[in-house]
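Below: the structure, in structure tokens.
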Amino acid sequence: MFSSQAGQAALQAYDKAVKVSAERERYRTDRDNFKAKFKTTESRLQETDAEMEKLKKELAEAKTAADTAEAEVEKMKVEEKKKLDEADAKGYEAGIKRAALEYTQTAHQMVNDALEERLPEFFELGYAAGAEVMATVLVVETDTQFRKQCATLLIGPTDKTHYLNPGLPGSHLAIKSLDKSLVGV
């Protein structure tokens, strides 16, 4: 019996040792699995941290690029506004220049018209050279009918030119002077 009890005790001890060994093996496997999972998780965490740092850098670069682009856009807006203001000013100046040119042309035309009307008077007053210059400026043929239309010059004893046009200023003096000094002419 002793041997059967000893055999049974040995069998129980063996079963217990197998259970403990299996349990130890299971714990070791669980521990190894946990370590592997931990290492995997830790490496994933490091990869995630590295990815997060990379994304932070990209975000900072994107913010810098956005700020730079915004500054460029603002600068371009200011330049465009300045260009528009300059264009408006040039347009305003061009309008002023155009109006001044039109005014000048109108004034010149008025002066030319007035001079053209008074050109016969220049001949009458004895300013033949001035009249010819004016006729040349106005492109008037002085040797044609125009000169024949001009009044005849009258030169008195005082070398003053007198004219016989009662509508012109001072003509009453010329008529009196003509009566006194040029009776025989």
Taking θ = phi - 60°, what integer Hz values does the Karplus form 6.51 cos²θ - 1.76 cosθ + 1.60 yield along the range 92-104, in sequence order, with x for Gly and Pro?
5, 4, 5, x, 5, 4, 4, 5, 5, 5, 4, 4, 4
Local electrostatic count at Lys56 - Lys and Arg +1, Asp and Glu -1, tallied over other residues with Cβ under 13 Å:
-2
So how much slack lies between Leu101 and Arg26, counting 0.36 nm per residue of separation and subtracting their Cα-Cα distance, in nm?
16.3 nm
With the Cα gyration tensor of the range 28-110 giving a ≥ b ≥ c as the square roots of its eigenvalues, does the rule (a/c under 1.5 for rounded; else a/b larger than b/c for prolate; else oblate) give rounded, prolate or oblate?
prolate
Using all alpha carbons of the range 1-70, what is the percent of pairwise distances in each 10 Å bin, ordered from the shortest bin to the longest?
17, 17, 15, 13, 11, 9, 7, 5, 3, 1
Net +/- balance of residues flanking Lys82 in space, Cβ distance below 13 Å, scoring K and R +1, D and E -1:
-1
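Read the figures in this text as sums done on the coordinates, not as results from a lab. Keep in mind it's a predicted model, so treat the numbers as computed, not measured. Please note: Cβ atoms are built from the backbone with ideal geometry, for glycine as well, and neighbour counts cover all protein chains shown.
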